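Working notes for the structure below.
The values are calculated or read from the model by the stated rules, or taken from the named source; none is laboratory data. All values derive from a computational prediction rather than experimental measurement. Cβ sites come from the backbone with ideal geometry, for glycine too, and all protein chains shown count toward neighbours. These accessible areas exclude ligands, DNA and RNA; they are computed on the full protein's heavy atoms, side chains included. Shrake-Rupley method; radii C 1.70, N 1.55, O 1.52, S 1.80 Å.
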Amino acid sequence: MSNIHQEPAVNPLPPVVIILFLAIAIPEAVFALGAAGVAGGPEAIGWRSAAIQTYAFSGDIFDWMVRNQVWPLEHVMRFVTYSFVHNSFTETLFAAVLLLALGKMVGEALGQVAVVVIFLGAGIFGALIYGLLLNDPTWLLGAFPSVYGLIGGYTFIV
């Protein structure tokens, strides 16, 4: 009768962190397969550009919405969706690794709901500040503003 404690090969992650990771990694995998010619045919090369135009946050579109007091869902959703579209595989890789590390720590200390609230809240706040303070026509995209919120959550824990 031995009482052997076996450690898992991979540290367990909160399910919400896995879901957020997959929401970042799956589109990037599709873009990479399309760019390599494995999926989608010739038009797959433009999938990343099309996703950026559809899901990235635009300060110009935000200014138009504020000026006209019109808030169509297709543009309001950009406050959230821009966090899941990236410029490159490397950018996605760094964002995903930071999400996994910080999401695990914050999720274990504060809970899964807190991870979602912090991740989405920081992304929305980042887009709002970007839209209000900058007059930049460049698209805002990538998970870094949301991950920076998780850095704040980790700092709160420490």
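Is it true that Leu141 is open to solvent by less than 40 Å² (accessible area, probe 1.4 Å), in contact (Cβ under 8 Å) with a residue 12 or more places away in the chain, touching a Phe, Trp or Tyr at 6+ places or on another chain (Cβ under 9 Å) and under 23 Å from Asn11 (Cβ atoms)? So Leu141 does not fit the description; no. Restricting Leu73, Leu22 to residues that are under 22 Å from Phe144 (Cβ atoms) and open to solvent by 60 Å² or more (accessible area, probe 1.4 Å) narrows the list to Leu22. The test for being touching a Leu at 6+ places or on another chain (Cβ under 8 Å) and open to solvent by 60 Å² or more (accessible area, probe 1.4 Å) does not hold for Tyr82. For Pro15, the conditions (1) more than 25 Å from Tyr148 (Cβ to Cβ); (2) open to solvent by 50 Å² or more (accessible area, probe 1.4 Å) all hold with the exception of (1).
I'd like to check something: does the range 36-55 contain any residue that is more than 25 Å from Phe144 (Cα to Cα), of a type in the set (D, E, K, R) and not in a loop (DSSP other than H, G, I, E, B)? Yes, there is a match, as at least one residue in the range 36-55 is more than 25 Å from Phe144 (Cα to Cα), of a type in the set (D, E, K, R) and not in a loop (DSSP other than H, G, I, E, B).
How many residues, within the range 56-75, are outside any helix (DSSP H, G or I), in contact (Cβ under 8 Å) with a residue 40 or more places away in the chain and out of contact with any strand residue (DSSP E or B) (no Cβ under 6 Å at 6 or more places or on another chain)?
Selection size over the range 56-75: 2.
Within the range 54-68, does at least one residue satisfy the condition of being closer than 20 Å to Ile18 by Cβ and open to solvent by less than 40 Å² (accessible area, probe 1.4 Å)? No - not one qualifying residue is present in the range 54-68. Can you name the residue in the range 114-131 that is free of Cβ contacts under 8 Å to residues at least 40 places away in the same chain and in contact with a helix residue (DSSP H, G or I) (Cβ under 8 Å, 6 or more places away or on another chain) and is also farthest from Met77 (Cα to Cα) among such residues? This residue is Ala114.
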